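Below: the structure, in structure tokens.
The values are calculated or read from the model by the stated rules, or taken from the named source; none is laboratory data. Please read all numbers here as calculations on a predicted model, not as lab measurements. Please note: Cβ atoms are built from the backbone with ideal geometry, for glycine as well, and neighbour counts cover all protein chains shown.
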Amino acid sequence: MTGKILWNILLAAPVALGAALVGLTPAAIAVEAQTSSQTEAASTELVSVTEVTLIEPTTQVDELAPVPLVTTETQAVTLPVVSEVDAVAESEALGVSQLAQLQEYSAEGQGEEQEAAQVTSVSQLSDVQPTDWAFQALQSLVERYGCIAGYPDGTYRGNRALTRYEFAAGMNACLDRITELISSGSEGVVTREDLATLQRLQEEFAAELATIRGLVDNLEARTAELEANQFSTTTRLAGETIFAISDIFGGEADADADNELEEPGVDEQNNLVFQSRVRLNFDTSFTGTDRLRARLQGGNFSRFLGDPSAGETRLGFETNTSSYDVRVDDLNYQFNLGDRTRIGIFANSADLRDIVLENVASPFVSSGRGAISRFGRFNPIYRITNANGAASITYRLTNPALTNNVFSVQLGYGAGEANNPDQGDGLFSGDYSAIAQLVGRNLLGGNLDLVFTYINSYIGTEDDPANPDPDDNDIAGIRSPGLGSRLSRVDRDRPLSVNSYGLQANYRFSPGFQLGGWVGYSFVRAIGLGDADVLNYAVTLAFPDLLGEGNLGGIVFGMQPRLIDSDNSLGLGDDGEDLSTGFHIEGFYRLAVTDNIDITPGIIWLTAPNHNEDNDDIFVGTIRTTFRF
């Protein structure tokens, strides 16, 4: 029994001896002496400016003050330390502190010996707690001098933990405020006790203050450089250039008069081509929430020859120019009207996708970074007309403060010859399309986008004063060489009245996989002759960040616009429909070489081109390189 007692005494002796030594260290003696001297001094004694030495605060006070005391839910982030005097020593101190924090966290719950461990300095903590001396000292200064205004709602929230950098920012605001009071010669305001408290806080948080100074200095330098070299105070210039190497392969085409096939095959008519496109967007904002866009575009694309449908092989990034004629490709202005309404005005060359602000629920909508084919980007019914003047309104039904789900109603109208005052043209006398959409975004936990679409259109004929040149309209599956089969354009030299219905959806199963698609159905009436029905559909699979951040894998399987039924009076084919069903199969992989350069190889496989199984399959291959600047 006696031996056991002696053994316990030996174990306890080093602890007692260490405690005694700590109590006798110069730091401890200094603290006791300081406490004694502060007790003897009167708390209201004023100090002159010459008696105070403060560490110089950050030069730009307005950018850091006021800083609210806020709660940090995550671990403190280590920022790069920019030291003014001894950068190496401060960096080593921070590294030791962070290592101590990690060791402390990893050792939690490993026994009573860990519970007995003590924290001897506030610099060992990752957060400053409301119960810490430093927190309470700063809180007292804030309440006394009003150096932090608090949150916009007027609350102070002084009962929440802060990271050391948040704390240092708040302390810096108090330093600036007290320095301002001393410099102004205010009497009876700053006490010696408060100055001593600030001095101690500066010593405890010297590394964090140095970091904040460095970050602010760096930010000021970068801001000055941007202001000196900015393109415009209101306009931002953004550009995109595409280089594409493409070729087409396939066998013979069947010359079937009933299917209106006029072209032979593609093997002997095409060669490998190198084509390009450049866009310059000038985006101007006057209020911060509006946007005026003017786009200049040029390109040198020529379509492949021998396509039985004269449209199914079109690429998604083609232009309407073949000799780099520069045109104003886009000119529109969008602005908010209240908190939930967005107005769009389009002055030239806008399809319905532009009019509804690209709410088409497709991950492949971009011509430069999305699908490589024209069909694979979005539902072709949005291309039914190309307006020279249009307007739209988008009204958000849901309150963003209450839910992340977004339900919107969109209405739009576009005129094909809005700029032409001739008989049968203008805003309301010529070709037009009116669109209505119900849009749901971020549904089912933020994963589903869903769009219901209705479009009513009028399309004139070549002899119709309302449409003197129908080929100017980029009509998909209705009139000119846009998409789909020849019969699906219902080209019978009669004006067309078209009612189209669309359903588009895209579901994000995970960050790396999305499943989507669309269905488009058009009821076409050749005025005074008969009716026809045109159908298209697609299923899309998207793989964001495939094998690397910024990459995109894509698969499209669908049917381009096909005539599925028509009145005999129209004389479209033997049975009033396309002879067969051809499929569009597409695969591509966008590789992000850098943040601004993408390379996208892809292939398109068309079975039964022109929806005629007598035509051999066609393959289109391309390598698209996109530069953004």
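Taken residue by residue, segment 587-603 has no member that is under 16 Å from residue 312 (Cα atoms), of a type in the set (S, T, N, Q), modelled with pLDDT of 95 or more and touching a Phe, Trp or Tyr at 6+ places or on another chain (Cβ under 6 Å).
Considering segment 410-430 alone, what residues qualify as being closer than 22 Å to residue 358 by Cβ and either buried (at least 16 other Cβ atoms within 10 Å of the Cβ) or touching a Pro at 6+ places or on another chain (Cβ under 7 Å) (or both)? Once the filter is applied, which keeps residues that are closer than 22 Å to residue 358 by Cβ and either buried (at least 16 other Cβ atoms within 10 Å of the Cβ) or touching a Pro at 6+ places or on another chain (Cβ under 7 Å) (or both), segment 410-430 yields 410, 412, 413, 414, 415, 416, 418. In the list 413, 395, which residue meets the criterion of being within 22 Å of the chain's Cα centre (by Cα) and over 28 Å from residue 239 (Cβ atoms)? It is 395.
Restricting to segment 568-611, what's the tally of residues that are within 15 Å of residue 483 (Cα to Cα), assigned to a strand (DSSP E or B) and of a type in the set (A, V, I, L, M)? The total comes to 3. Residue 357 meets the conditions (1) in contact with a Ser or Thr (Cβ under 7 Å, 6 or more places away or on another chain); (2) without any contact (Cβ under 8 Å) to a residue 12 or more places away in the chain in every case but one. The failed one is (2). Scanning segment 528-587 for residues that are closer than 30 Å to residue 600 by Cβ and among the hydroxyl-bearing types (Ser, Thr, Tyr), we see that the one that is surrounded by the most Cβ atoms within 10 Å (Cβ to Cβ) is 540.
When you look at residue 556, is it assigned by TED's automatic domain parsing to the domain that holds residue 313, of a type outside the set (Ser, Thr, Tyr), part of a strand (DSSP E or B) and over 30 Å from residue 510 (Cα atoms), yes or no? Considered against the rule, which asks whether it is assigned by TED's automatic domain parsing to the domain that holds residue 313, of a type outside the set (Ser, Thr, Tyr), part of a strand (DSSP E or B) and over 30 Å from residue 510 (Cα atoms), residue 556 comes out as no. When you scan segment 325-345, do you find a residue that is of a type outside the set (Ser, Thr, Tyr), closer than 24 Å to residue 629 by Cα and in a loop (DSSP other than H, G, I, E, B), even just one? Yes. Which condition breaks for residue 374 when tested against (1) basic (Lys, Arg); (2) farther than 21 Å from residue 515 by Cα; (3) buried (at least 24 other Cβ atoms within 10 Å of the Cβ)? Of everything listed in (1) basic (Lys, Arg); (2) farther than 21 Å from residue 515 by Cα; (3) buried (at least 24 other Cβ atoms within 10 Å of the Cβ), residue 374 misses just condition (2). If residue 595 satisfies every condition in (1) buried (at least 17 other Cβ atoms within 10 Å of the Cβ); (2) touching a residue at least 40 places away in the same chain (Cβ under 8 Å) but one, which is the exception? So residue 595 meets the others, but not (1).
Based on what the data block shows, is residue 433 within 19 Å of residue 342 (Cβ to Cβ), more than 19 Å from the chain's Cα centre (by Cα) and buried (at least 16 other Cβ atoms within 10 Å of the Cβ)? First the steps, then the outcome.
Values: within 19 Å of residue 342 (Cβ to Cβ): no; more than 19 Å from the chain's Cα centre (by Cα): yes; buried (at least 16 other Cβ atoms within 10 Å of the Cβ): yes.
Criteria not met by residue 433.
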